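The values are calculated or read from the model by the stated rules, or taken from the named source; none is laboratory data. These numbers were taken from a predicted model, which means no experiment stands behind them. Glycine also receives a Cβ, built like all others from the backbone with ideal geometry; neighbour counts cover every protein chain displayed. Heavy atoms of the whole protein, side chains included, go into the accessibility calculation; ligands, DNA and RNA do not. Shrake-Rupley method; radii C 1.70, N 1.55, O 1.52, S 1.80 Å.
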Amino acid sequence: MRRIRANAIAILTVAWILGTFYYLWQDKPRASPSSASQPRAAGVKSHLPKSVTHPPRGEPQGQLLGTFDEKAYLLGKPLRPGDDPYREHAFNLQESDRLGSERSIRDTRHYRCASVTFDPDLPSTSVIITFHNEARSTLLRTIKSVLVRSPAHLIQEMILVDDFSSDPEDCQLLSQIPKVHCLRNERREGLIRSRVRGAGVASASILTFLDSHCEVNTDWLQPMIQRVKEDRTRVVSPIIDVISLDNFAYLAASADLRGGFDWSLHFKWEQIPIEQKMARNDPTQPIRTPVIAGGIFVMDESWFNHLGQYDTQMDIWGGENFELSFRVWMCGGSLEILPCSRVGHVFRKRHPYDFPEGNALTYIKNTRRAAEVWMDEYKQYYYAARPSAQGKAYGSIADRLALRRKLNCNSFRWYLENVYPELRIPEQKVTYSLLKQGELCLESHNSDSLRLAECKSGSGIPASQKWTLMEPQIRQQDLCLAITAFSSGSKVRLEPCSPKESRQVKQHFLNEKGSCSSLGDTLSKSALCFRTFVSSSSFRIHCWNL
Ligand code: LR7
Ligand code: MN
């Protein structure tokens with residue numbers, strides 16, 4: 001009996017010593033934060049717990065990767081001595097390779113997140129990662145971090161979409177990892193069509209999108225799946241931590257930010273409005289966001305399909321996050337950032353890949369499509385902020401307009417009033433126009449009919465002769481010029497403005513033969529001269545059929 005008790009004490013003592021050593025080893029300081037000036041890095045905050053994330057205890061590491069030969073994969077593409085480590089990927093490849101495929105990172109969540117609980121029966125997700133010429137070490141770390149830091153039963157599969165990278169093996173070899181599938185595009189498609197392709201083969205009821213150079217943090221997945229399970233119309237993102245592109249240090253991002261934009265459709269992180277910040281007494285609560293950054297989010301699969309996936313005529317990179325964000329909000333859903341979910345991302349200063357149509361033109365095409373389909377009359381501010389977009393090709397948007405009609409979505413004005421009231425609307429220029437035919441001017445009569453009357457000038461111009469060009473309509477207060485039918489010679493009348501009414505689009509009135517390039521031109525009988533006063537002394541002239 002005494003011997004048994006002595007043995008038990010000895011075993012307990014050894015276990016205690018080993019435990020202490022493990023604790024001390026686990027808690028040793030990590031690499032110091034980089035000096036890279038990342039916009040969102042808030043530095044390591046004092047309230048953050050000191051713990052670091054580790055693989056779940058007892059998970060056999062060998063089994064996670066199956067037959068996949070990690071060393072051979074990474075050594076297959078070494079950085080050659082003397083090569084610029086930033087050249088190919090716009091981050092320090094040498095540092096990334098040196099780190100290996102897995103490392104401990106600081107748990108950057110607010111400490112209260114650790115006690116949040118989740119439903120025991122959360123549904124599983126398909127993780128979709130598209131990439132074009134991603135570095136092997138960052139891609140593998142993205143995948144491994146998901147496998148190691150997610151409850152295994154929540155990861156149904158990981159779908160890699162290789163967007164025509166130079167080396168097909170970058171992707172193919174990874175499909176030896178259990179749950180990992182690899183699809184390869186036959187030609188470069190860009191991230192938007194690639195994601196739609198990946199989503200098309202996903203078998204789980206929830207989709208999770210990730211960039212190809214991420215590292216997910218402790219319990220990143222459960223908060224997002226929980227919110228989407230409760231309400232499928234929520235589209236949720238984590239807080240996106242910063243992985244230094246120079247030394248790959250993992251830095252906590254501020255938890256007080258949301259996604260915003262300016263009128264040129266340039267994404268930016270911005271402070272949560274002060275009233276909302278004051279009202280936040282629980283740091284684990286979701287943050288409503290007008291737009292998401294775009295790369296890292298979780299969305300119900302049936303909701304993704306119902307809402308029209310993505311605009312697949314957008315190319316390569318850019319703009320799809322606005323299109324998705326406007327669509328989600330305006331068609332009955334919501335966007336949130338969940339502070340208890342953290343995912344690191346390597347932010348870069350340039351694109352390391354080529355754009356077949358050029359970077360600027362591609363961004364313009366994509367954002368123009370988003371503006372034309374979703375921004376109604378407010379797209380004029382987009383064009384004012386990005387004049388170079390005018391006249392650039394953007395393809396047909398008929399399908400997306402039909403989708404918007406089918407889904408019966410709210411107007412952009414609704415979005416501005418209800419979701420993003422902080423976005424300042426540029427001051428309306430008091431520009432008005434006269435619609436002139438010969439010596440006569442178009443004027444409204446008895447509020448809804450039109451006639452030609454003697455032109456007034458200066459301060460004597462009556463409201464009935466003042467017209468405003470609010471792309472794509474010509475307005476007088478809430479009434480718009482409209483053709484009555486789509487045949488030539490159709491009458492023009494005044495009717496209530498409707499952003500969805502294609503008979504009100506100004507292009508219908510355009511007289512292609514009319515030439516009124518200067519003020520003194522004699523106009524044909526059927527042409528109207530539309531003078532837009534840019535300032536008191538200069539104006540532009542357009543021609544129209546009446
Ligand atoms: O032709 C391409 N094909 C691709 O598959 C070009 C890119 N890609 C892949 C690429 O390998 C990467 O995995 O698409 C992903 C995004 O491209 P990045 O990482 O070069 O760009 P980014 O980090 O600037 O991307 C942000 O903006 C994009 C706009 O189209 C997308 O929405 C990205 O998903 C988005 N990334 C994030 O939101 C992560 C957080 C960064 C921020 C802000
Ligand atoms: Mn990225």
Per the list (1) in a loop (DSSP other than H, G, I, E, B); (2) more than 15 Å from ligand 2 (Cβ to nearest atom), residue check on residue 360 breaks on (1)
When residues of segment 175-199 are filtered for being more than 30 Å from residue 359 (Cα to Cα) and either free of Cβ contacts under 8 Å to residues at least 24 places away in the same chain or in contact with a Phe, Trp or Tyr (Cβ under 8 Å, 6 or more places away or on another chain) (or both), how many remain?
-> 3
Tally time: how many residues in segment 135-161 are farther than 15 Å from residue 178 by Cα, touching a helix residue (DSSP H, G or I) at 6+ places or on another chain (Cβ under 7 Å) and not hydrophobic (A, V, I, L, M, F, W, C)?
-> 3
Could you list, in sequence order, the residues of segment 439-478 that are part of a strand (DSSP E or B) and open to solvent by 70 Å² or more (accessible area, probe 1.4 Å)?
-> 440, 451, 454
Within segment 135-176, count every residue that is of a type outside the set (A, V, I, L, M) and farther than 18 Å from residue 343 by Cα.
-> 17
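For every residue, the table says whether it meets (1) open to solvent by 10 Å² or more (accessible area, probe 1.4 Å); (2) in contact with a Gly (Cβ under 9 Å, 6 or more places away or on another chain).
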{"residue": "166", "(1), (2)": "yes, no"}
{"residue": "169", "(1), (2)": "yes, yes"}
{"residue": "176", "(1), (2)": "yes, yes"}
{"residue": "191", "(1), (2)": "yes, yes"}
{"residue": "196", "(1), (2)": "yes, no"}
{"residue": "202", "(1), (2)": "yes, no"}
{"residue": "209", "(1), (2)": "no, yes"}
{"residue": "216", "(1), (2)": "no, yes"}
{"residue": "219", "(1), (2)": "yes, no"}
Pick out, from segment 378-433, the helices (runs of 4 or more DSSP H) lying fully within it that include 1 or more residues that are farther than 23 Å from residue 308 by Cα and open to solvent by less than 40 Å² (accessible area, probe 1.4 Å).
-> 379-385
Test set (1) touching a Pro at 6+ places or on another chain (Cβ under 9 Å); (2) away from ligand 2 (no atom under 16 Å from the Cβ); (3) open to solvent by 20 Å² or more (accessible area, probe 1.4 Å); (4) at pLDDT 95 or above - residue 339 fails condition number | (3)
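Being free of Cβ contacts under 8 Å to residues at least 12 places away in the same chain and away from ligand 2 (no atom under 16 Å from the Cβ) is true for just one of 278, 299. Which residue is that? Don't jump to the end; show me each part of the working.
Numbers: 299 fails: free of Cβ contacts under 8 Å to residues at least 12 places away in the same chain.
Matching residue, one of 278, 299: 278.
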Residue in segment 221-255 that is surrounded by the fewest Cβ atoms within 10 Å (Cβ to Cβ), counting only those that are within 15 Å of ligand 2 (Cβ to nearest atom) and of a type in the set (A, V, I, L, M, F, W, C) = 245
Condition broken by residue 125, with the remaining ones in (1) at positive phi; (2) open to solvent by less than 10 Å² (accessible area, probe 1.4 Å) satisfied | (1)
In segment 186-200, anything within 22 Å of the chain's Cα centre (by Cα), farther than 21 Å from residue 224 by Cα and not small (Gly, Ala, Ser) is listed as 188, 189, 191, 192, 193, 197
Starting from segment 123-143, keep only residues that are farther than 20 Å from residue 64 by Cβ and of a type in the set (A, V, I, L, M), then list their pairs with residues that are within 13 Å of ligand 2 (Cβ to nearest atom) and not in a helix (DSSP H, G or I) whose Cβ atoms are within a distance under 6 Å, requiring at least 6 positions of separation or different chains.
-> 135/89
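Considering each of 202, 255, 249 in turn, give the residue that is away from ligand 1 (no atom under 14 Å from the Cβ), in contact with a His (Cβ under 7 Å, 6 or more places away or on another chain) and modelled with pLDDT of 95 or more.
255
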Go through segment 286-305 and count every residue that is of a type in the set (A, V, I, L, M) and within 16 Å of residue 194 (Cα to Cα).
-> 1
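Hey, among 150, 124, 115, which residue is of a type in the set (Gly, Ala, Ser) and closer than 22 Å to residue 103 by Cα?
Being of a type in the set (Gly, Ala, Ser) and closer than 22 Å to residue 103 by Cα holds for just one of 150, 124, 115, which is 150.
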Going through segment 146-166 one residue at a time, which ones are within 18 Å of residue 344 (Cβ to Cβ) and either among the hydroxyl-bearing types (Ser, Thr, Tyr) or free of Cβ contacts under 8 Å to residues at least 12 places away in the same chain (or both)?
-> 150
Is it true that residue 258 is among the basic types (Lys, Arg), touching a strand residue (DSSP E or B) at 6+ places or on another chain (Cβ under 9 Å) and open to solvent by 10 Å² or more (accessible area, probe 1.4 Å)?
-> no
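Just to be sure, is residue 296 β-branched (Val, Ile, Thr), within 14 Å of the chain's Cα centre (by Cα) and over 23 Å from residue 260 (Cβ atoms)?
no
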